[in-house]
Amino acid sequence: MTSVSARVPARQQSIRASNLALAYRLVLDAPTPVSRAALAAATGMTRATAGALADALLAAGLVEEVAPPPASTAGRPATGLVPASAGWVGLGLEVNVDHLAACVVDLTGAVRHEVTLDGDQRGRKPGPVLADLAELANRVTEDLAAPSSPEAGPGTGLRIAGAAVAVPGLVRANGGRVLRAPNLGWQDVDVLAELTPRLPETPALAAVGNEADYAALAELAADRGLRDFLYVSGEIGVGAGIVFDRRLFTGSRGWAGEIGHVTVEPGGDACRCGARGCLETVAGLDALRAPAPDAASRAGRGLGRAIAAAVNLYDLDTVVLGGAYAQRADLEEFVRAALTEHVVSARWAPVAVRRSRLGGTAAAVGAATSVVHRIHADPAAWEARD
């Protein structure tokens, strides 16, 4: 039987961790630097408690102090706290059909370093692909460790807290296993087991996820005005990330968003997934690059119909076109026309459509951002790390 006194320290530790997370969230969300007095006022804590939590966040390298603004009234201006731009960072890795990528994001959300390796990954076995990805991870780690690294800057001491991997396929998120990635030809690949031994010693592999989901997460971090939207990624494959109330929706098993395998041409061309007439067969990059004169028109109409169906189903107010679609104004116009025609509520509530400005490494940025979010969510877990 556990005594009451044995449970008290755990409860106190839990309360402190909760208060630390609350204080950190206030710093992260504030548009301007937050003073210790402001932390106390916003949380209802005593100034001593708020000050102790601020000092703990500073010691853990999660926040940094900034010089106070010039005094406009009597009294000494307070030093402000902001998210740390040095210290812990997240490493995002991406496997896509035509490239590999690695990206580092700091606690402020800024991209500090990116490396991309172009090349067709179709037909390659997972082992060699993941070995190449690990080489990119090692290169980034070495770049950050270099004394004169322009990415890190002298004396910033960026340290990789963990890594996440974006893959274009169905992922069992709680085990790091890719169940199926048709465009890569992967089936039941344990990415965690394959990649972890090849990674640098510093980062722990935190998660494996779908590339469109991670790209949507990057879009969400880049635009605080977004709330409910559909992110559609156009590559060799076509994927989607769904966001409700600024939270990524992945479905009961983590497989939501497979818009590329929605049938838009019944009985049409064979898809790598085994079905026919999937959106990927008419609006993936292979189809868009076809010499047929109506390739763009065919792709735009199919893409517009699929997106309109998703908007009707989920009642989303914004569509973001990413990947290769971000460079195609013609496809944007087809999507706008389809939404006007096929979305039942369009007459009363038009759906906004825009093209992403994040570029081709959005999934890697989102993967790195997911690591940063883990730190944001549980700052107490990072106090003892050196």
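The values are calculated or read from the model by the stated rules, or taken from the named source; none is laboratory data. In this text, all values refer to a predicted model and were calculated from it rather than measured experimentally. Cβ placement follows ideal geometry from the backbone for every residue including glycine, while neighbour counts extend to all protein chains displayed.
So here's what we get for this one:
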read-out: Meets criteria (charged (D, E, K, R), out of contact with any helix residue (DSSP H, G or I) (no Cβ under 6 Å at 6 or more places or on another chain) and over 23 Å from Ala173 (Cα atoms)) for Asp286; value: yes
read-out: Selection count, segment 207-241, where residues are under 25 Å from Leu192 (Cα atoms), more than 11 Å from the chain's Cα centre (by Cα) and either outside any loop (DSSP other than H, G, I, E, B) or at pLDDT 95 or above (or both); value: 6
read-out: Number of positions in segment 286-309 that are outside any loop (DSSP other than H, G, I, E, B) and either over 26 Å from the mean Cα position of the chain (by Cα) or surrounded by 20 or more Cβ atoms within 10 Å (Cβ to Cβ) (or both); value: 16
read-out: Failed criterion for Ala23 (all others in (1) part of a helix (DSSP H, G or I); (2) over 26 Å from the mean Cα position of the chain (by Cα); (3) at pLDDT 90 or above hold); value: (2)
read-out: Subset of segment 182-195 [free of Cβ contacts under 8 Å to residues at least 60 places away in the same chain and either outside any strand (DSSP E or B) or of a type in the set (A, V, I, L, M, F, W, C) (or both)]; value: Leu192, Ala193
read-out: Residue within segment 330-343 that is in contact with a helix residue (DSSP H, G or I) (Cβ under 9 Å, 6 or more places away or on another chain), of a type in the set (Phe, Trp, Tyr) and not in a loop (DSSP other than H, G, I, E, B) present; value: yes
read-out: Residues that are at pLDDT below 90 and aliphatic (A, V, I, L, M), drawn from segment 67-103; value: Ala67, Ala71, Ala74, Ala78, Ala86
read-out: Ala50 being touching a residue at least 12 places away in the same chain (Cβ under 8 Å) and either surrounded by fewer than 19 Cβ atoms within 10 Å (Cβ to Cβ) or at negative phi (or both); value: yes
read-out: Any chance Gly254 is touching a residue at least 60 places away in the same chain (Cβ under 8 Å) and either closer than 22 Å to Pro168 by Cα or in contact with a Gly (Cβ under 9 Å, 6 or more places away or on another chain) (or both); value: yes
read-out: Test: residue in segment 306-314 that is in contact (Cβ under 8 Å) with a residue 24 or more places away in the chain, of a type in the set (Ser, Thr, Tyr) and closer than 30 Å to Ala110 by Cβ; value: no
read-out: Residue within segment 100-110 that is of a type outside the set (A, V, I, L, M, F, W, C), at negative phi, assigned by TED's automatic domain parsing to the domain that holds Ile160 and part of a loop (DSSP other than H, G, I, E, B) present; value: yes
read-out: Criterion: surrounded by 24 or more Cβ atoms within 10 Å (Cβ to Cβ) and in the same structural domain as Arg159 (by TED's automatic domain parsing) - qualifying residue of Val371, Val282; value: Val371
read-out: Residue satisfying all of: in segment 242-271; crowded, with 16+ Cβ neighbours inside 10 Å and aliphatic (A, V, I, L, M); farthest from the chain's Cα centre (by Cα) among these; value: Val264
read-out: Ala131 vs. criteria part of a loop (DSSP other than H, G, I, E, B) and either at pLDDT 90 or above or within 26 Å of Glu219 (Cα to Cα) (or both); value: no
read-out: Matching option when the condition is touching a Lys or Arg at 6+ places or on another chain (Cβ under 6 Å) and either assigned to a helix (DSSP H, G or I) or under 20 Å from Glu94 (Cβ atoms) (or both), among Ala367, Ala380, Ala326; value: Ala326
read-out: Single residue of segment 153-181 satisfying the filter (touching a strand residue (DSSP E or B) at 6+ places or on another chain (Cβ under 7 Å) and in a loop (DSSP other than H, G, I, E, B)) that is modelled with the lowest pLDDT; value: Ala173
read-out: Qualifying positions in segment 329-377 - charged (D, E, K, R) and in contact with a Leu (Cβ under 9 Å, 6 or more places away or on another chain); value: Glu332, Arg354, Arg355
read-out: Number of positions in segment 114-128 that are surrounded by 12 or more Cβ atoms within 10 Å (Cβ to Cβ) and assigned to a strand (DSSP E or B); value: 4
read-out: Flag for Thr250 being out of contact with any strand residue (DSSP E or B) (no Cβ under 6 Å at 6 or more places or on another chain), in the same structural domain as Gly323 (by TED's automatic domain parsing) and closer than 22 Å to Ala101 by Cβ; value: yes
